[in-house]
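This report concerns only the one structure given below.
The values are calculated or read from the model by the stated rules, or taken from the named source; none is laboratory data. What you see is a predicted model, and the numbers here were worked out from it, not measured in a lab. Cβ sites come from the backbone with ideal geometry, for glycine too, and all protein chains shown count toward neighbours. Note: accessible area is taken over every heavy atom of the protein model, side chains too, but ligands, DNA and RNA are not part of it. Shrake-Rupley method; radii C 1.70, N 1.55, O 1.52, S 1.80 Å.
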Amino acid sequence: MARQAGERARPSPPRVPALAVLHYYLVGYRRTWRAGVFSSFLLPVLTVLGFGVGVGAYIDQGVDGVSYLDWLVPGLIASTALQVAIGDATWPVFSNFQWIKTYFAQGAAPLRVGDILAGHLLYVLFRVLTTITAFLLVTGVFGALRSPLAVAALPVAALLGLAVAAPTFAYSAAVDSDSWLAMLFRFAVIPMTLFAGVFFPVESLPEALRWLAYATPLWHAVDLCRAATLGVAPQWSVVGHLLYLVAWAFGGWLLAHRVFRRRLVV
């Protein structure tokens, strides 16, 4: 009787298979969240203090009529979302294929390729949202959020996270050495962070580099976040920005699903 009662008390598995995959990652995160506090939260805050408060003290005229701190914060919001998303879409995905084989174990369960991929992407979305929520709270304490529309930076950060995580999932699943992941950060993530309008206006770049910055998903998210936190209109249309990020997310999903299917389905 006691065993039957225990079985009745056990929670039933989620009806949506992708949520079961998400639950798996959340259980692991409950034990490891402290290890990611520095990289996903304290480091951006230190950047705000170092660049926004420290360097900003020497920029008397500010940027675009606002203080450098207020101008910098939305760029850091977007770049933090980018780095968290790509960080969780590189070595964890590579490891699940090459080292600990988690995806193959999940594929042996009654899960489709789309369930495995969607569940892991939902976890990345969770990581981005929790990190950016904490970041907004801290920067709000610094008084760097000039508009109540700053909360709109949350969905923008989430969309950016999906836009960069989905194609990175495909990349991480396709490479055969983790050296390729380090190259991704060296030749894509770092240049994108430096030249996509996070630390200085893109308009100060030469025209060729300016258009490369416009082609990155990060610049579109930076422009939207800056418009939200400052309460001003973005440089480009809101609809255009969102459609561009959605295109990256949808195209990345299709590519990742194709690569995952090739690796997991015999």
Quiz item: For region 191-213, which residues satisfy the criterion of being open to solvent by less than 30 Å² (accessible area, probe 1.4 Å) and under 22 Å from the mean Cα position of the chain (by Cα)?
Solution: THR193, ALA196, GLY197, VAL198, VAL202, ALA213
Exercise. Confirm whether SER79 is modelled with pLDDT of 90 or more, among the small types (Gly, Ala, Ser) and under 26 Å from THR193 (Cα atoms).
Key: yes
Quiz item: Counting only residues that are more than 20 Å from ALA163 (Cα to Cα) and not β-branched (Val, Ile, Thr), how many does region 198-218 have?
Solution: 11
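Looking for whichever is in contact (Cβ under 8 Å) with a residue 24 or more places away in the chain, of a type in the set (A, V, I, L, M, F, W, C), touching a Lys or Arg at 6+ places or on another chain (Cβ under 8 Å) and farther than 22 Å from ALA196 by Cα here; the options are ALA85, ALA118, ALA134, ALA170. Which one fits? Break it down stepwise before answering.
Details: ALA85 fails: farther than 22 Å from ALA196 by Cα; ALA118 fails: touching a Lys or Arg at 6+ places or on another chain (Cβ under 8 Å); ALA134 fails: touching a Lys or Arg at 6+ places or on another chain (Cβ under 8 Å).
From the options ALA85, ALA118, ALA134, ALA170, the qualifying one is ALA170.
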Quiz prompt | Subset of region 248-266 [touching a helix residue (DSSP H, G or I) at 6+ places or on another chain (Cβ under 8 Å) and surrounded by fewer than 13 Cβ atoms within 10 Å (Cβ to Cβ)] | solution = VAL265
Quiz item: If the Cβ limit is 7 Å and pairs must be 6+ apart or interchain, which residue in region 182-202 that is under 15 Å from THR80 (Cβ atoms) and modelled with pLDDT under 95 pairs with which residue that is open to solvent by less than 10 Å² (accessible area, probe 1.4 Å) and among the hydroxyl-bearing types (Ser, Thr, Tyr)?
Solution: THR193/SER79; VAL198/SER79
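Please tell me if VAL222 is part of a helix (DSSP H, G or I), closer than 23 Å to LEU145 by Cβ and among the hydrophobic types (A, V, I, L, M, F, W, C).
Details: part of a helix (DSSP H, G or I): yes; closer than 23 Å to LEU145 by Cβ: yes; among the hydrophobic types (A, V, I, L, M, F, W, C): yes.
Considered against the rule, which asks whether it is part of a helix (DSSP H, G or I), closer than 23 Å to LEU145 by Cβ and among the hydrophobic types (A, V, I, L, M, F, W, C), VAL222 comes out as yes.
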Quiz item: What is the residue count in region 227-266 for residues that are assigned to a helix (DSSP H, G or I), over 15 Å from THR216 (Cβ atoms) and of a type outside the set (A, V, I, L, M, F, W, C)?
Solution: 6
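This table checks each residue for (1) of a type in the set (Phe, Trp, Tyr); (2) closer than 26 Å to VAL239 by Cα; (3) modelled with pLDDT of 95 or more; (4) open to solvent by 10 Å² or more (accessible area, probe 1.4 Å).
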position	(1), (2), (3), (4)
ALA85	no, yes, yes, no
PRO110	no, no, no, yes
LEU121	no, yes, yes, yes
GLY143	no, no, no, yes
LEU149	no, yes, no, yes
